[in-house]
Every structure is written in structure tokens, then in C-alpha cells.
1. Please list 3J(HN,Hα) in residue order for the stretch C:199-212, calculated via the Karplus relation 6.51 cos²θ - 1.76 cosθ + 1.60 where θ = phi - 60°; whole Hz, with x for glycine and proline.
2. Which whole number gives the average, over all residues in C:287-295, of C-beta atoms from other chains lying within 10 Å of the residue C-beta?
3. Roughly how big is chain A's charge dipole about its Cα centre, with Cβ charges of +1 (Lys, Arg) and -1 (Asp, Glu), in debye to the nearest 20?
4. Suppose we take every Cα in the protein assembly as shown and form the convex hull; what volume per residue is that in Å³?
5. Could you pull out every residue, at least 5 positions away or on a different chain, whose amide H is within less than 5 Å of the one on residue A:290? Hs are placed 1.01 Å off N in the peptide plane, and Pro or chain starts have none.
6. Can you sort A:307, B:198 by how many other beta carbons sit within 10 Å, fewest first?
7. Within 10 Å of each Cβ in peptide B:274-281, how many partner chain Cβ atoms are there on average? Round it to a whole number, please.
8. With a ≥ b ≥ c taken as the square roots of the eigenvalues of the C-alpha gyration tensor of the stretch B:147-295, please select rounded if a/c is under 1.5 and otherwise prolate if a/b is larger than b/c or oblate if it is not?
Amino acid sequence: MKNYTSLEDIENLEELIFEARELKKQNSAAEVGKGKTLGMLFFNPSLRTRLSTEKAAKLLGMEVMVMNADKDGWALEFEDGAVMNSNKAEHIKEAAAVLSQYCDIIAVRAFPGLVDREKDEADVVLAGFEKYATVPVVNLESATGHPLQALTDAMTVSELKGEKKPKVVLTWAPHPRALPQAVPNSFVEVMQKMDVDLVVTNPEGYDLNPAITKDTPVVHEQAEALKDADFVYVKNWSSYEQYGKILSEDPVWTFDNKKLGLTNAAKIMHCLPVRRNVVIADEVLDGKNSVVIQQAGNRTFAAQAVLKRILENSKK
Amino acid sequence: MKNYTSLEDIENLEELIFEARELKKQNSAAEVGKGKTLGMLFFNPSLRTRLSTEKAAKLLGMEVMVMNADKDGWALEFEDGAVMNSNKAEHIKEAAAVLSQYCDIIAVRAFPGLVDREKDEADVVLAGFEKYATVPVVNLESATGHPLQALTDAMTVSELKGEKKPKVVLTWAPHPRALPQAVPNSFVEVMQKMDVDLVVTNPEGYDLNPAITKDTPVVHEQAEALKDADFVYVKNWSSYEQYGKILSEDPVWTFDNKKLGLTNAAKIMHCLPVRRNVVIADEVLDGKNSVVIQQAGNRTFAAQAVLKRILENSKK
Amino acid sequence: MKNYTSLEDIENLEELIFEARELKKQNSAAEVGKGKTLGMLFFNPSLRTRLSTEKAAKLLGMEVMVMNADKDGWALEFEDGAVMNSNKAEHIKEAAAVLSQYCDIIAVRAFPGLVDREKDEADVVLAGFEKYATVPVVNLESATGHPLQALTDAMTVSELKGEKKPKVVLTWAPHPRALPQAVPNSFVEVMQKMDVDLVVTNPEGYDLNPAITKDTPVVHEQAEALKDADFVYVKNWSSYEQYGKILSEDPVWTFDNKKLGLTNAAKIMHCLPVRRNVVIADEVLDGKNSVVIQQAGNRTFAAQAVLKRILENSKK
């Protein structure tokens, strides 16, 4: 593994999940990262990703340097050929090249603006680091994908599924703010690589990018989708079609015990943070079917597996 | 010691002070924290507490992850059953449970609002972490108490007192902003556990919570209180009775050399930061009776003793 | 080396550069810093300085504690005898003395206000730490100097120069914001200590402090200055004479390939961040004569050499 900017960077998902689960059992330093430095750059807030990735790196013996990109440092310019006479003090060309000399791996979080779809899909911040960094780059959630979360999700399904091929449902839920599609995008992509029956359900107008859902069934009747589900991933996202818009906050999509009753006693997943009683009802989150805390705990080991692969690859 | 959220968590104060003083002599890594992680969450500014606790953890061999809670991460909801459709993105239930998987000890600073006394006394942030975290919780100053500071204060008195039982005076001083009662509360509580004669002096209207002062004498004549004092702890706090209000900025309460002259050449203490020439005059802070720097230096060893106890207890 | 607050602290520049270059070859931990802590305080943004100094300290085995001074902690008062009844919560006397107990070296960044020349030249923040800290102090760029950058610059010239004594030109370039003179000041000072022919060129009104340039030629014709240059350091600064003012944004001073053509195929230097196509044209930064990335990479080793000297000196 050279970079980890999208799920495409995973050569063998099954092996990588196995590695993450082994690391979880050990919970000890592998020393493969000794003398190496992870630089983490945040253009947006982060709790789980920040701390689990820092923890993962330290479990591998790495040093970690964390920066709140725009607050601690300089506003970055990403456009080629820009005449930099306004508020951007540094170009990504220099920033990425310089950081590559201080860090052995650069990890970046940069959310979408949710205004200009084309611009968001260009994923300029992550793509800029990928283009100009001379060390491996890890995606800590970009405008369009969150592959560390997706690997965690795959690991969690892998841990909890039984013998039979599970039915996995990704269901939209309401939310007061316009959220990115990065998490559902990457969840769909990673489930498509696993031996599961995947169904996406959301209100009309909320279909995800068809280039991502591909031939995964997308149904607009939540009840129909939830039938016999073994795993339900609840998540809000803003509209892809009417890009970045909130078309509905209909509480009928909130996931509660009535919805849970439609499933095959499904395990309930969410990437967190979760708006209680808006996205998922207290009764579900506090009930025995919720696995959101175990899922969040797996973030460390997914990150550890990815960093370990990248470090091993760098040594070759 | 399981948690350290209030002075009630200290089983034997004398032993703990002894431990802190031993750690100060060694000033070296005890390795009891090797492979363990301290997560520090700040909802408010901090210099001494932040750096001394980080230093203490590292002296014990721990890894440290620091977050400015609301700025780096997500705004937290603390109310049970809340419908989270406004500006709070994450509930304490998830935040505490998730952090407990990334950290072996969680340390939290959260000041009071000083508007609603009942709400501040519920100490919702610290209590939330204590309730929902599955790892030990350390109080880095909460709405009502600052037990790491109090242990430091007790250690400092212990270092500096002679053979005789000392007279210790806590005196109010003016300040341009409304400050919490956390530091004076915890100082009173810790001194009540020590073999000292404790007196509190403050203007009328500034009496601390009587549930804390209990039978400790509270006198409104500063000069009377200071007579024969061996230690004077100078500190501002806002009114408890007219909750959170500034009732006086009377400079007659500023601690200067004239006040010092009333004492038994007392050692002058303050938790810092201190407003010079408002709370304490330059002539006192720069004089030989001030022990505020030594006191701040002890923060490291008090924190180290507490973290060490918690780590040792976790191993059982 | 006791402190590193200005170039005056360097006893033997040649030896220090040699040390930095040796450290660059090793790129490994010297362990001289084991058990020691570097505290870094930022009153202003930083990317290279922050990360390269943190990296340098860790390569030496040190622990590092980083604070955004005014945001994470308390606003500081620097005036002696101040009655602290406004917005400053802590005096430099306490802050420096306390930090000296938590840290073995204190490193500080504090930019000038560029309004009051006399005040900026007093360099109150750095001078305050130097005066009141009881441990060594490192300048991470102060109001008037940036000696870590200057050592990097000297190291870079030392690496790249051939046998002959090089001609080194410092040229002003336009910029949309008023910038400090710290970098050009320190560059001039460090070059004056090396065996080079140094020339400064800038528009009229932009002459640097004559107490710094001394007998270094200052010419107002850029073309004349660039003739036969082996190194060109491009940098903007605001006016020293009309203190802090922007007198010109004339793009004729932008460094492009036409200007490069006037030189002896000079190596082009800049401290970064650089405003592309305002300070230096893309064609130069992306061309083979630019050494700005190598120069930024050297920051780590210059910082490492300085910290190592200070640590070694502290042991005596």
C-alpha cells in the first residue's frame, strides 16, 4: 500500500481486515514505526479520527505531529498558476513538499463545501497533497470519501456477522445540518467489496452518486429495505442531486425500535457523532443491538493496519 | 484510587503528599505508565494544568493526547433524552464511551457558567464523563472543584511548614472578572484534612458555600484573620450568595506588604495566573515570602502522584 | 550555547553549520535530549518552524509540549509594574518562571505589531522570556530576528556553494501584506559572518535598519545587484523607514526568469511561505534553480544543531 486516499488503495480487503483484527487482539506496539513521524493536518473538526489515528500511530512506535491547518499555520492556495495576492499565504506545492521532509506519512482531513459539486468531486485538498507530497498520504475524510471509517465498518461487520451472508442496509436519516456524502459513499464502496447483500434506502432526491452505488439496489421505501436486515447503518447525508441541499427532515426516517422490529434483530451501526433522537432514537442507541461504540473502538485498529501496511511498503 | 474528580477520592492525604514529594526528588520516569495513554480535554484555557499534567504523564512513561474540546472536536450535549436538532453534534454518552477506548485515563477541564448555581453545582461535564467513561477520570478543574491544585497546595504547605501546627489563612482579593469558586473550595476542603488552623476571610456577601466551609471560621475583618498567619493563600472568587456576581473590587483587599506585616512572616500562596497589583502587589510577589513559583512547580508532582495511583489501581 | 535568541548566541558559525550537516547525514536520535522537555509557545501562526523544531527535538529524544499561547492559555502582560485590571490575566514574570519548571528549553514565536518601531525593537515577548525564564530560550522568530531560519540559510549556502567565494544577493519583492523585517535582518547578519560577497537590493524607502546592514552594500537598482549573483534570496519586507508601511507593490520587483537570467545561474532561496507570482514567479519556483524545498528541509537540522548545543551546555 503506497497511499490510503481511497478504498482503491486496498489490495486485499480480507487480508487487511484480518490484520486489523489481529492488531486489536495484540493491542501492542509493533515497532515498525519506530523513528517515523506521522503528520496530521486538520482543515475541519475531528474527535474519533484525530485520536484513534494518533493512538494507532503511537501503538506502532511512531511520533505524531498534529496541526489545525488553517488555524495554527497558513491558509493554503490549491490553484495552479494563481497570482497569490489575496488571503492565501502558501501554495500546496510548497506545503506538501516541505511537510514531506518533516513527516514520513501525511494524513489530511478536508470536508467539502457542499456548494459546488464539481469542485468537491475534484477533492482539491487531498488531491493536492497526493500530487505534491513525496511521502504517503492518508485520507482522514475528504470531500467525497472516508476510507478509514469504511475499513472500520468492514472490520466491524466482519467481527459480528455469523456464518450466513448478511443483509446490510444503509439507511438515510434526518439531520438539521447539511452533511457530506463521504461516509455513505465509502461505506457503499467497501460493502460492495465484501460478501454481503447490500441495499441503500433513502427518500427520493437523496440517491447517492450513481457512479458509486452502481448496481447496488436503492429503494425509497425504508420498511421494505429493512426487512430481514442483519446490519443497519444509519446515516444522514445531504442531497447529491440537488447538491448539498436539505430536502427533508422528516422524522419518519428517524431510526427507532419500531424500525428495528422490521429487521432480523439487526446490529445498528453509525460512524458517530450521532444526533440522538434525530438520527437514531435513544431506545436504539442505548439498547443491545447498537454496536456504535465497538465500531468506534475499531477505528484505532483499522488505522493501525493501514499505517502498518504503508510503513512496510515504504521500507521496500 | 479509581478516579480523581474530587478530594473525596484521596484515601490517605498524608501518604499521597509523601508520594508527590518523593516523585519530586526523583524527577524520573517510573515506567508504570508505559503503553498507557492520557487523553486531556479542555473546554477552557489552561497553562499550568495543561503542561504540568502532560509533563507528569510523560514522566510516568505515558503517551498524551490533548484536545481543545469544542474547538478541535464537536460541541457536546449533556442532557439525557435530548432531541439533538440544534448546535450540539455529539452526546456525552458516545463521547465518553468512545474516548474510553482510545485512552486509559481521561482528564477534563470545564469551568462553570457562573449564571445558574444549581446547574454549576451539578458539574454536568465532569459528572457526564464520570458516569459514561469506562476508564478513570481526572478533574483538571471543574465547575466546583480543582483537586489537583488542592493537592499541590497541600504538598506546598507540607514542604514549608515547620514543627508547629501552622495557621493558614485563605483571603479573598479583588479581580476585574467574575471567577469560579473551584480553587478556594478545594483549598478549604484539603486544608480541613490537614493538621492546620484554617481561617477564611472575605468581604460580606463573598462567603463560600457553607456546605464546604462547614465549621471553618469565616471572618469579614481581613486584618483580624491575618494575625499570626504562617501561610496566606490569596485568591479572588465571585459571590456564592449572589451567585457569580462581582460585589466589590475594593482595592483595600489587595494583598500588599502592609498586609504581610500583619502576619507571622507568612508564606504567600496563589494558584496563578495572578493579576499583579490587583490581587497581590508586586512588592509581595517579588519579595522573599512569595512561594507561588514553587507552588506551581509542585503541580507536576501532585499530578504525577495522582496518575501513578490511578495506574497502579487499574492494574489490580 | 546558553540561549538561542539571536545570532550573537552562535560562538562558531562554521562549526555549527558542520554539526547541522552531520545531523542531516545521520537523521537519527542522538539521545542527548532523553528525559528533557521542549516547550513551544506560539503567539503567531507557524508551519515549518513548528513542525521542524518539534521534529528536531524528537530526533534528539526530547518530549515536546506545544501551546498556542493566547488561544490555549492566558493573555500575557509584559509591562513591569502594570496594574493588571484589564484583559491580561498573567504576567510574563510568572509565566516564564513557571514554564521553566515544566520545560528544559522554552521556544517562543512572537511577531512584531509593525506599528510602533521602538516597541517592536524592544522585542518584549522574547526579551521577557529571556529575562524571567530560568532555562534556555530559543527564538522561533521574534519581532526583529529569525536566527533559526538564518542558520538554515547559512547551512543551505554552505551545502550548495562551490569552491569560489559566492556572490549572495538579498532582493526585496512585492507582497500584498505588511511583513516583518525579521527574516531579512537575520539573513543579512548571518551572511556577514560568512565568506561571501553580500549585496542587498530594494526600492528606495525599503532600506533595512542600517544598524544591521552596516557596510553591506544596499543598491536600489535590482538589475545591477543581480549581476553575477550565485545565490539570490528573494523576500518581501515592509518599510523600516516609514515603519511597517507598504510603499510599493510594484510587480517589476517580482522575481521571474528574466531576473534569473541576469545572474550567474543563481540558486534561488526563500524562507517560505511564498506568494507565487507575486514574490516569485511559478517559472522560477518550479524551475531547477529553486532550492526553497531543500532550504526548508534544512530547518530540521539547523534546529537540531541548536537544541543539541543548548542541551550539551546545560549538562556542564
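We did not get these values from a lab; they are worked out from the coordinates using the rules stated. Owing to the predicted nature of the structure, the values given are computational and were not obtained by experimental measurement. Methodologically, a virtual Cβ is constructed for each residue, glycine included, from the backbone with ideal geometry; neighbour enumeration extends over all protein chains shown.
1. Once θ is set to phi - 60°, the couplings for the stretch C:199-212 become 10, 10, 10, 7, x, 4, x, 10, 4, 5, 3, x, 5, 9 Hz.
2. 2
3. Computed about the Cα centre, the dipole is about 1020 debye.
4. 169
5. When sequence neighbours closer than 5 places are left aside, the close amide H contacts are A:268.
6. Going from sparsest to densest Cβ surroundings: B:198, A:307.
7. Mean partner-chain Cβ count within 10 Å for B:274-281: 5.
8. Rounded, because the longest to shortest axis ratio a/c is under 1.5.
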